[in-house]
Amino acid sequence: MTFYELMFQSLNNLLEKGETLQAPIYGVLFRNRNRDFGYFALTDTALLIALLQGDSKNLYENSRIPWSRMQRVKVRKHWVPFMYVIRIELTDGVTIKIRAAKKVYGFDTQQENLKAFLTRMQKCV
C-alpha cells in the first residue's frame, strides 16, 4: 500500500455516518515541541488528523477536532516557497500548527486539495 492509499484509508476510518472526506492533504503537525508527519482532511463538522509513526506506514494517533473547538485560525505563507502554515487555537488553550507544501512526491492531488483546505480553514472561525 502506498502512502497515498494509506491517507485515504486512515482518514476514511475517522468519518462518522453521513460525512464525506474533503481536501485530504499530507503535512506536518507541530504541538508541544513535537513534530509529527500525517494526513489531514476536513468534513462539514471537523478537522480529521491521522499521524504516522516515524517514517513508517504505521499510524499511531487519530483525532477529530470539531469546528466548535476552534477559537482562532490563522493561515500564512511559510518562508520556504510553496509552503503554508495553519495555526489553530483551540478553546481549551492548546495551539497546534500544521505545515503543508503545495507539492508532495506521490500525492498528485496535494496542490488542489491544499488550496481547498486553506480556503475552508480560513472561513471556519
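Springs between Cα atoms under 10 Å define the GNM used for the chain, and in it the highest mean-square fluctuation of 11, 51, 59 occurs at 59. The accessible surface of the range 36-125, taken with every protein chain in place and a 1.4 Å probe, is 50 percent carbon and sulfur.
Length gained on full extension, residue 19 to residue 6, computed as 0.36 nm times the residue gap minus the Cα-Cα distance: 2.8 nm.
The candidate values were [x] 0.99; [y] 0.92; [z] 1.51; the one computed from these coordinates for Rg/Rh (Cα atoms, Kirkwood Rh) carries the label [y]. Stretching the chain fully between residue 122 and residue 45 yields a gain of 26.3 nm (0.36 nm per residue, less the alpha carbon separation).
When 36, 92 are compared by accessible surface with a 1.4 Å probe, the order from highest to lowest is 92, 36. Each residue of the range 80-90 is assigned a 3J(HN,Hα), and the resulting list reads 7, x, 6, 10, 10, 10, 10, 9, 10, 9, 8 Hz, derived from the Karplus form 6.51 cos²θ - 1.76 cosθ + 1.60 (θ = phi - 60°), x at Gly and Pro.
Taking amide H as placed 1.01 Å from N in the peptide plane, the amide H of residue 47 sits under 5 Å from that of 65, 67, each at least 5 places away or on another chain. With the whole protein complex present, residue 3 retains an accessible surface near 70 Å², based on a 1.4 Å probe.
The values are calculated or read from the model by the stated rules, or taken from the named source; none is laboratory data. Source: prediction; values computed, not measured. Surface accessibility is based on the protein's heavy atoms, side chains included, excluding ligands, DNA and RNA. Shrake-Rupley method; radii C 1.70, N 1.55, O 1.52, S 1.80 Å.
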